[in-house]
Amino acid sequence: MAIRRGRGVAAVNYPTGMNLGGDPSQALVHSTPTGNFMVTLSSVDLGQGLKQIMAQICAETIGVSADQVTIDTADTDTGPHCMGTFASRGTHRIGNAVIQAATEAKQVMLEVAADELEVNASDLETDGAGNIHVKGAPQKSISIFDTALAAHFKRGRSISGRGMFLIPRSFPEVETGAMKPSTCYAHACTVAEVDVDDETGEVTVVSVKNVFEIGRALNPKMVEQQLVGGSWMGISHALYETTEPYYPNRDHRGIDFNQYLMPGPGDLAETEIVVLERPAADGPYGAKGPGEMCANPQIPALANAIFDAVGVRIDHLPITPERVLRALKAQRAA
Amino acid sequence: MMRLAKEYFADQRDDDLKQLGVGLQRSDVPGHVTGKTTYFADRNFPRMLHLKMVRSPHHHARIRSIDTSEAEKHPGVARVLTHKDVPHNVYTILILIQVGPEDEQVLAADKVRWKGEAVVAVLADSERAANEAAAKVKVDYEVLPAVFDMDEALAPGAPLVNEYHGNNYYTYDSGSHRKVRFGDVEQGFAQADFVLEETYRSSPIEQAPTETTGCIAVPEGNDRFTCYTNTQAMFFTLDNTSIILQMPGHKLHFVGGTVGGGFGGKVDVTVEPIAILAAKLTGRPVSFIYTREEEMQISSPRAAEKIVIKDGVMKDGRIVARYVKGYTDAGAYSRHSPYGAQKGAAHYPGPYTIPNVWADTYCVYTNRTPSSAMRGFGVTIADFALEVQMDKLARLISMDPLEFRFINAYRDGDMKAHRQPTEGAALIECMQEASKAANWPVAEKFLKMSSYKET
C-alpha cells in the first residue's frame, strides 16, 4: 500500500452567451451636472464584480477615471432590460451595451466641448484624466467638469446615451443541427497532479496549472479572483460534490455543509494561473466570458491524473474515495 | 499566482487601454468585507409575514384531498394558500422564449412528481408559527410508482412522470432529441484503425451559494408590489411572475442588488410569484427565504448526465469519427433543461476538428428534484466525458495525451460539426503554454503550431 503520484491534462473551449435563447442587454449612460457618469442597468451583480467592470468599461470609452462612474443596476423601474447574469454573458453582452451607450454620451460631451472651445467636435479627444483637448494641441482644452456644467446650465444638452447589444436568436436546424450557440469561445488547458492513497482511495490534489485564454483581461485582479475560484470549484466538482451520492438512488442526500462536502482551506491545491489574450472580434475591448469555463478543465484533468497514478478509470462524477477504492479492489481482483 | 502571458497574440492587441487592463480595486469590496453590503434579506418591514411551504413527502403521488382547516386556526397564521389561489397555476419559465409546453404547477393541484414539490403555502407572523401550522396541513396522497433512472424512464412501460409532455423526454422540433449531423459517421468508423465506446456519468450538483434563494414582497400604497429579490435575471423573473399572477407588468417593481452567489441556482422563478401573490391576498409584506436544506434539496441542482461517446481514431492520432448520445436528467419538470441539453449537442466535438460527427442529446424526465442551470450548463459534464475520452484514446494508440490533442486541435477556419467556422481559436497556444508551465514536454513541431489560418 502506498501513496501514488500521477498527472493528467485536459483542454477545453467554452461558448460565450446564450444565442439559442436570444441574448439582449441594454444600458443607459448619463452625466451629472459636474461631469460624473451614471450607468443604468437592470443586470444583477452576483458578487463576481459586474459593477466594477461596467464602471471601467464606461470610463475607458468616455475617457474619465473609473471612480467617476457609478453603476445603478438591478431595479426594473429604472434600468433597461437585461436578459440576466448567466451563460458567461455579463462582461461580453452588457459590456458591449455600455460601450454603445457611453459612445453616444461621449459624442454629445465632445459637441458641447467643441462649442465651448469653438472648434470641431471631430478634432477633440479625451485624455483619460478628466480633460478634453484638441488633438495634437493639449493646451487647448476644457475639463469634463466644465463641459458638463455648460451642457446642463448653458447649452441645454443632455450628455447621455443609449446602448443595446443583441445577438439574434439562433434556431437549430432540425435535421443537421446547424446552429450558432455563441459568438466567441474562451479556451483553457489544465495540468493536474495528484497523490492517490491506494489503501483509502483518498485523492490529494498536489497542484493545478491552468492556462486560460479569455480574450482580454479587463481587470487582471478580478480575472485572477474568478479563475482561482473557478479552479477550486472544478476540483470540488471532480472529487467532492453531489446532492445524491448514490444517484440514481435517492438516499444519503446532503442537507447542509456538514453533509454536502467541499474542499476546505486545508485541501487547497497549489494553483497556478496563466492568462492568454486573443481579443474577440465582437468582445468589449476584446473580452470573452471565462466565468463558467474556468471551472471545467480541472475535472477531467484530475480524472486522468488519478488514472495515471493508480491505473483505474472512474467515469462517474464525483470521484469519491469510495469509488476509487472499489475500482482498485476490482483491479486487484482482475 | 496569476501571470499574463503577453507574448501570445501580441499582434492582435493594442495594449493602450487606460482604465482597463489594470487591476483596480473593486468599489464594492470594502462593503463586502466590512459587512456593510446590503442584501435583500437585510430589509425588515412592519407586519411582515413569513412563508413556509408544505412539500410532498412522496416522489410521485396523486393528491386525493388537501385539508388546511387546522393550519388556518393555528395562532399567528394569516393565510394558507393552495393551487386554487394561483391565477395561472401551470407554467414553465422558458415560455418567455416560446419553449413550451407549460408543465409545472406553482402549487400542486392533482399530482406531485418529486419529493419536495410545493403543495400548500402557509403565511404566519413568525417562521416558527408558519412551520408549526405547515405541520398541521393534511394532504391525502395515493402513492404512485416512481422512476429515478434515465434508462428506465426511457424504457417502454415506464411510469409517466409528466403528463404535460406525454413522454419521459422533451420533444424538440427534431423529435425526441436534438440532433447534430456532420459528415458520414459510419464511413468514418469504417476507415478508423480503432474504435472506442465509453459511457460517462455524473450525479446532481448543488450550486451552493452562500446566500439562499429568496425574496421579500411588499404591497405599496399605489397598488403596485415591490419585490426585493436575489434572482439572477430581473425582467425574466418579473415577466414570468406577471404571467403566473395574471398581473400587468407595470404593477411589479423588482429590486435586486448584490447577490450572495448564484452559479445558475437563482434563475428559476420559484419564490417571487407566490410571495407577491401572498402579499396581494394579505395586504402585508411577505418574506419567503429558502432554508439551507431547501437550497440543497429543493432548489434545482445541476442535472445528472449520462454520456456515451464512440470515437474512431487512426494510428497517427487523427480522430475521424465521433458518435455521442447525451442524456440530461431534468427531474420532474423542464425549467431550463431543454435548453441545456441542446446547448450540449453543439459542444460535443469539443475544441477539436472532427470530420464526421453524430450527436443526439435527450432531456429526460424522472421523479426527482427538477434540475436546471448551473455554471457550465450543458458543457461541464460534456467536457469531463470528452477529455477523459481523449486521454483513453491517446493511450489506446500509445501516444502522449497532450500531443494527441495538438493533432486534433481546431484552428481558425475549421468547420465545426454544428456548421460554424472556427474563429478566434486559441487552444493550441493554451496547450503550448501548459506544456511549458507544467514541464510536460511535447515535440518541437507542436510548439511551432499556431491557431492562425495558414496564408
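All of the numbers you see were taken from the coordinates with simple rules; none came from a lab. Bear in mind that the values here come from a model prediction, so they are computed numbers and not experimental data. Methodologically, a virtual Cβ is constructed for each residue, glycine included, from the backbone with ideal geometry; neighbour enumeration extends over all protein chains shown.
Data table
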{"item": "Average projected area [Cα convex hull, the range A:19-167], square nanometres", "result": "8.9 nm²"}
{"item": "R0 of 56 Å, Cβ-Cβ distance B:GLU444-B:ALA135: FRET efficiency to nearest 0.05", "result": "0.20"}
{"item": "Net charge of Cβ neighbours under 10 Å - reference A:GLY8; Lys, Arg +1; Asp, Glu -1", "result": "-3"}
{"item": "Antiparallel content of DSSP bridges confined to the range A:19-167, in %, to 5", "result": "85 percent"}
{"item": "Under the Karplus curve 6.51 cos²θ - 1.76 cosθ + 1.60, θ = phi - 60°, whole-Hz ³J(HN,Hα) for the range A:31-48, x wherever Gly or Pro sits", "result": "9, 7, x, 9, x, 9, 10, 10, 10, 10, 9, 10, 6, 9, 8, 8, x, 7"}
{"item": "Angle between chain A longest axis and helix A:220-239 axis [Cα atoms, degrees, rounded to 10]", "result": "20 degrees"}
{"item": "Exercise: per-residue mean of other protein chain Cβ atoms within 10 Å, A:72-82", "result": "5"}
{"item": "Amide H contacts under 5 Å for B:GLY260, placed H, 5+ residues apart", "result": "B:GLU211"}
{"item": "Chain B: Cys lacking any partner C-beta under 4.7 angstrom", "result": "B:CYS215, B:CYS227, B:CYS363"}
{"item": "Gained length - A:ASN249 relative to A:GLU173, 0.36 nm times residue gap less alpha-carbon distance", "result": "23.7 nm"}
{"item": "Virtual spin-label span in nm between B:LYS84 and A:ASN36, 7 Å along Cα→Cβ", "result": "5.5 nm"}
{"item": "Candidates per GluC sites (Glu not before Pro) in the range B:118-214, loop by DSSP, up to 12 other Cβ within 10 Å", "result": "B:GLU163"}
{"item": "Estimated FRET transfer efficiency (A:ALA121, B:LYS453; beta-carbon r; R0 35 Å; 0.05)", "result": "0.30"}
{"item": "Least to most buried among B:ASP42, A:ASP23, B:ASP400 (fewest other Cβ within 10 Å first)", "result": "B:ASP42, B:ASP400, A:ASP23"}
{"item": "Burial ordering of B:VAL195, A:VAL12, fewest other beta-carbon atoms within 10 Å first", "result": "B:VAL195, A:VAL12"}
{"item": "Fraction of antiparallel bridges per DSSP, the range B:134-291 only, in percent to nearest 5", "result": "70 percent"}
{"item": "Rough spin-label spacing in nm, given labels placed 7 Å along Cα→Cβ, for B:ASP223 and B:LEU281", "result": "2.1 nm"}
{"item": "Which of A:GLU241, B:GLU444 has the fewest Cβ neighbours within 10 Å, and the rest in rising order", "result": "B:GLU444, A:GLU241"}
{"item": "Cα-based Rg of the range B:265-357 normalised by 2.2 N^0.38 Å, two decimals", "result": "1.71"}
{"item": "Amide hydrogen neighbours beyond the local backbone of B:ARG79, cut-off 5 Å, H modeled", "result": "B:LEU123"}
{"item": "In the range B:350-455, the trypsin sites (Lys or Arg not before Pro) that fall in loop regions by DSSP, at most 10 other Cβ within 10 Å", "result": "B:LYS448"}
{"item": "The protein assembly as shown - share of DSSP beta bridges that are antiparallel (%, nearest 5)", "result": "75 percent"}
{"item": "Computed Rg/Rh of the protein assembly as shown, alpha carbon atoms with Kirkwood Rh", "result": "0.98"}
{"item": "Cα→Cβ-extended label distance, 7 Å offset, between A:LYS140 and A:LYS154, nm", "result": "1.7 nm"}
{"item": "Relative contact order (percent, whole number), the range A:19-167, Cα cutoff 8 Å, 6+ residue spacing", "result": "35 percent"}
{"item": "Karplus-derived 3J(HN,Hα), 6.51/-1.76/1.60, for each residue of the range B:204-214, Hz, glycine and proline x", "result": "x, 10, 8, 5, 6, x, 5, 9, 6, 4, x"}
{"item": "Sparse-neighbourhood loop sites, trypsin sites (Lys or Arg not before Pro) in the range B:41-132 - DSSP loop, at most 15 other Cβ within 10 angstrom", "result": "B:ARG43, B:ARG47"}
{"item": "Nonlocal amide H pairs with B:TYR172, under 5 Å, H built at 1.01 Å", "result": "B:HIS177"}
{"item": "Estimated D of the range B:331-455 in µm² per second, where Rh is the Kirkwood radius over Cα pairs and Stokes-Einstein applies at 4 °C, 1.567 mPa s", "result": "79 µm²/s"}
{"item": "Difference of contour (0.36 nm per residue) and Cα-Cα distance, B:MET314 to B:GLU163", "result": "49.7 nm"}
{"item": "Karplus-derived 3J(HN,Hα), 6.51/-1.76/1.60, for each residue of the range B:145-153, Hz, glycine and proline x", "result": "x, 10, 10, 10, 9, 5, 4, 5, 4"}
